[in-house]
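Heads up: the structure comes next, in structure tokens.
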Amino acid sequence: MGAAAGGQNACIFCRIIDRSAASTIVYEDAENLAFLDLFPVTRGHLLIVPKLHVDRLVDLPESAYEGLFKAIATVCRRVEGLSTHYNVSMNQGELAGQIVFHLHVHVIPRYGEGTPQWSRPRERLREEDAAQLSALLRAS
Ligand code: AMP
Ligand code: ZN
């Protein structure tokens, strides 16, 4: 799995998975790994990754969904020992802030320092926009 199996030698998360790069691993099962983020937003910020190299969620085989979700929940239970307030998030694409193109889920414990990603002023959803978006997003 990882660098050897996927040929993703340049991928830092594949290298963490196959132990050719250092990290602080906090959880592992056959298909997934969790380790501390090297540049944490808060104390305990960690990342959960599938061992299979895929760039983003839409590339992940459905057979991996259940295992990944279970791994996320297991790690979240442990994080609750730090704080019961935390963000679980994925950045998908450069404009969304994705820098590492190996699918990963952030878990960011919160201790009352605010949630920067929600800090912009927000406007109420307009009805015509809601209708357009609904047409776009409900289509399969
Ligand atoms: P994203 O912006 O969603 O692509 O997040 C990538 C995350 O990976 C960032 O929070 C980085 O701090 C983190 N990161 C990058 N390199 C490493 C590494 N070698 N070990 C642990 N975390 C890393
Ligand atoms: Zn990778």
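Computed from the coordinates by the stated procedures, all read-outs in this text should not be read as laboratory data. Because the structure is predicted, anything quoted here is derived from the model rather than measured. Note: ideal-geometry Cβ built from the backbone for every residue, glycine included; neighbour counts use all protein chains shown.
Among the residues of the range 57-89, which ones are over 15 Å from the mean Cα position of the chain (by Cα), under 21 Å from His45 (Cα atoms) and free of Cβ contacts under 8 Å to residues at least 24 places away in the same chain?
Within the range 57-89, Arg77, Glu80, Gly81, Thr84 qualify.
Of the residues Ile25, Ile72, Ile17, which single one is within 14 Å of ligand 2 (Cβ to nearest atom) and of a type in the set (Val, Ile, Thr)? Spell out how you get there, then give the answer.
On the way: Ile25 fails: within 14 Å of ligand 2 (Cβ to nearest atom); Ile72 fails: within 14 Å of ligand 2 (Cβ to nearest atom).
The conditions single out Ile17.
Taking Glu113 and the conditions (1) touching a residue at least 60 places away in the same chain (Cβ under 8 Å); (2) surrounded by 14 or more Cβ atoms within 10 Å (Cβ to Cβ), which numbered condition does it fall short on, given that it satisfies the others?
Just one mismatch for Glu113, condition (2).
Out of Thr84, Thr74, I need the residue that is more than 17 Å from Asp37 (Cβ to Cβ) and loosely packed, with under 14 Cβ neighbours inside 10 Å. Which one?
Every option except Thr84 fails the conditions.
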